[in-house]
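The values are calculated or read from the model by the stated rules, or taken from the named source; none is laboratory data. The model shown is predicted, which means the values in this text are computed figures rather than measured ones. Cβ: placed from backbone, ideal geometry, glycine included. Neighbour counts: every protein chain shown. SASA here: full protein model, heavy atoms, side chains in, ligands and nucleic acids out. Shrake-Rupley method; radii C 1.70, N 1.55, O 1.52, S 1.80 Å.
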Amino acid sequence: MAEPANNTRRWVATLLAVLFAIQAGNWLWRTYRRLQGPTPQQVAEAALQRKIAASHAYDNQLLRANSLLDRQDTTAASHLLDSLRQQPTSGLFPIELQKLRTTTLRLDSVRSTATAP
């Protein structure tokens, strides 16, 4: 009767040793991959996140310029749009440039109606 119990213990010990070896191998692989640096996918995801954040910040400033135009504060809106034009736009989505053009046209329209007799 002692022999089946010993066999069972051996199988359990072998199974535990295999599972431990697999876990250790997984840990070593993750450590090795982490030391290799970011993957191309991680680099692309980080670049996309930066582009989204930059476009969001730019869009917020365009919304601020539009709210200034709603209040007929053309001077402040003009200064804000001038500062936006000086910022590099290569890291933005194309829609932000279209919004800049639209807001600039709106500024010109507000200015021309304010100076019209």
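Would segment 9-30 turn up any residue that is assigned to a helix (DSSP H, G or I), open to solvent by 50 Å² or more (accessible area, probe 1.4 Å), closer than 30 Å to SER112 by Cβ and out of contact with any His (no Cβ under 6 Å at 6 or more places or on another chain)? No, every residue in segment 9-30 fails to be assigned to a helix (DSSP H, G or I), open to solvent by 50 Å² or more (accessible area, probe 1.4 Å), closer than 30 Å to SER112 by Cβ and out of contact with any His (no Cβ under 6 Å at 6 or more places or on another chain). Only residues that are within 13 Å of the chain's Cα centre (by Cα) and open to solvent by 70 Å² or more (accessible area, probe 1.4 Å) were counted in segment 42-66, giving 8.
Residues in segment 74-104 that are farther than 15 Å from ASN60 by Cα, part of a loop (DSSP other than H, G, I, E, B) and either open to solvent by less than 40 Å² (accessible area, probe 1.4 Å) or in contact (Cβ under 8 Å) with a residue 40 or more places away in the chain (or both): GLY91 alone. Going by what's in this entry, would LEU107 be described as part of a helix (DSSP H, G or I) and out of contact with any Ser or Thr (no Cβ under 7 Å at 6 or more places or on another chain)? Criteria not met by LEU107. Residues in segment 51-75 that are in contact with a helix residue (DSSP H, G or I) (Cβ under 8 Å, 6 or more places away or on another chain) and not small (Gly, Ala, Ser): TYR58, ASP59, GLN61, LEU62, ARG64, ASN66, LEU68, LEU69, GLN72, THR74.
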